[in-house]
Amino acid sequence: MKRKICVVAAVLASSLFLTACGSKEYLKDIKAEKYVTLGAYTGIEATVNKPEVPEGAVDNYIRDNYLAPKAEKVPVTGRAVQEGDVANIDFVGYHDGTAFDGGTGTGFDLTIGSGQFIEGFEDGLVGAEIGETRSLNLTFPDPYNGNPDLAGEDVVFEVTVNGISESKAPTLTDELVKQLGEEGYNTGGAQTAQELNDYVYNLYDQAAQSTYDNEIETAMASTIMENSTFQDPPEEMVERFITSIENNMSARASSIGMSLAQYMQLYQGLDEAGYRTLFDEEGVRMAKQYIMYQAIADKEGLVPTEEEVAGEVSALMTIYGYASEEELQKSVDMESLKEDLMRKKVVAFLKENGNIQETATIVD
């Protein structure tokens, strides 16, 4: 459960966009010292992995996102299906001897090893010859959102290999990079192969640094919370964070075509009662953490100035393309923005006055 809470918190710690209407209670409405008695918050130790770009990540990203879409299929004869081949197949899936909906395809190009079909399907075609038909005895995963009625059920797929081809990706050249940009691929404005490599590297480097920063904050905040004593946070504040959590997770689910319930079941293994409990617990924790940050800000003089808030607003306008501050305020919760700016200042203070130990990233 601790892992699940951390996953949710990492996504939601700096949610600024409007999430609910009606009465809300913000840090400005309370005296933080009434809700928390701070313990030690300087000299806090945190041990985290060094921010590193995984070996091979840049090459893999370029291959999958820029080269693979430009690959050409080259027909193969005289051998059987191998890992990485594109097998053109006809297939019919049977459950208890009856073909089931969505289990039939004709002339389908399947890349072996892509994980596009259920476990065992693609492996079951390795070694098949052109024209060969194989019976694959498989079991659907549980849960299976594509067809819940088949979740955990045994099925048989009759699969015929019509043809085999290899995917030949082009070489990354300056000319190809320019072409990709002209065709609307997100290349970060790169004009050469080296510039594209640098752009992708920076994406991974920024992500690694963000993870590093989040891990430091999580470790330090957890220790400080353990050192402190809390009163129950205001109910309205807790509800505000719960609403933010639910809306953020719903947006993540929607971005991949899922409902909130489907997303939480698949990625967290939680039914509705389970994830509602998780959201409630996380709402309380986040309210306490922000109250704790406010108490530190009050003691250390870290409350954002009007100039700092104006600078944050200007940065958001640039990032998201708002034409005016008035337009931005229609979708951005300004009080949450101020609270998050305060959080950033406090976290920077904690890092500066803490004891951060770095360890090498362990690769499995």
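The values are calculated or read from the model by the stated rules, or taken from the named source; none is laboratory data. These figures come from a predicted structure and were not determined experimentally. Cβ sites come from the backbone with ideal geometry, for glycine too, and all protein chains shown count toward neighbours. Protein only, heavy atoms only, side chains kept; ligands, DNA and RNA dropped before computing areas. Shrake-Rupley method; radii C 1.70, N 1.55, O 1.52, S 1.80 Å.
Restricting the search to the range 216-247, which residues are open to solvent by 60 Å² or more (accessible area, probe 1.4 Å), part of a helix (DSSP H, G or I), touching a helix residue (DSSP H, G or I) at 6+ places or on another chain (Cβ under 9 Å) and of a type outside the set (S, T, N, Q)?
236, 239
Residue 32: within 23 Å of the chain's Cα centre (by Cα), open to solvent by less than 70 Å² (accessible area, probe 1.4 Å) and of a type in the set (A, V, I, L, M, F, W, C), yes or no?
no
I'd like the residue in the range 253-292 that is open to solvent by 20 Å² or more (accessible area, probe 1.4 Å) and charged (D, E, K, R) and, out of all such residues, is farthest from residue 241 (Cα to Cα).
271
Scan the range 256-273 and report the pairs whose first residue is of a type in the set (Lys, Arg) and whose second residue is open to solvent by 70 Å² or more (accessible area, probe 1.4 Å) and assigned to a loop (DSSP other than H, G, I, E, B), with Cβ atoms within less than 6 Å and a gap of 6+ or a chain change.
none
Looking at (1) open to solvent by 60 Å² or more (accessible area, probe 1.4 Å); (2) among the small types (Gly, Ala, Ser); (3) touching a helix residue (DSSP H, G or I) at 6+ places or on another chain (Cβ under 9 Å); (4) in contact (Cβ under 8 Å) with a residue 12 or more places away in the chain, which is the only condition residue 295 fails?
Result: residue 295 passes all but (1).
For residue 62, which of the numbered conditions (1) under 30 Å from residue 203 (Cα atoms); (2) at pLDDT 95 or above; (3) out of contact with any helix residue (DSSP H, G or I) (no Cβ under 9 Å at 6 or more places or on another chain) fails to hold?
Unmet for residue 62, out of (1) under 30 Å from residue 203 (Cα atoms); (2) at pLDDT 95 or above; (3) out of contact with any helix residue (DSSP H, G or I) (no Cβ under 9 Å at 6 or more places or on another chain): (3).
Which of (1) at pLDDT 95 or above; (2) open to solvent by 60 Å² or more (accessible area, probe 1.4 Å); (3) closer than 30 Å to residue 75 by Cα; (4) outside any loop (DSSP other than H, G, I, E, B) is the odd one out, the single condition residue 102 does not satisfy?
Status for residue 102: all satisfied but (1).
When only residues in the range 280-330 that are of a type in the set (Ser, Thr, Tyr), part of a loop (DSSP other than H, G, I, E, B) and farther than 18 Å from residue 28 by Cβ count, which is farthest from the chain's Cα centre (by Cα)?
So the residue we want is 324.
Could you grab me the full set of residues in the range 130-165 that are modelled with pLDDT of 90 or more, surrounded by 12 or more Cβ atoms within 10 Å (Cβ to Cβ) and not in a strand (DSSP E or B)?
Those that are modelled with pLDDT of 90 or more, surrounded by 12 or more Cβ atoms within 10 Å (Cβ to Cβ) and not in a strand (DSSP E or B): 130, 132, 140, 141, 150, 151, 153.
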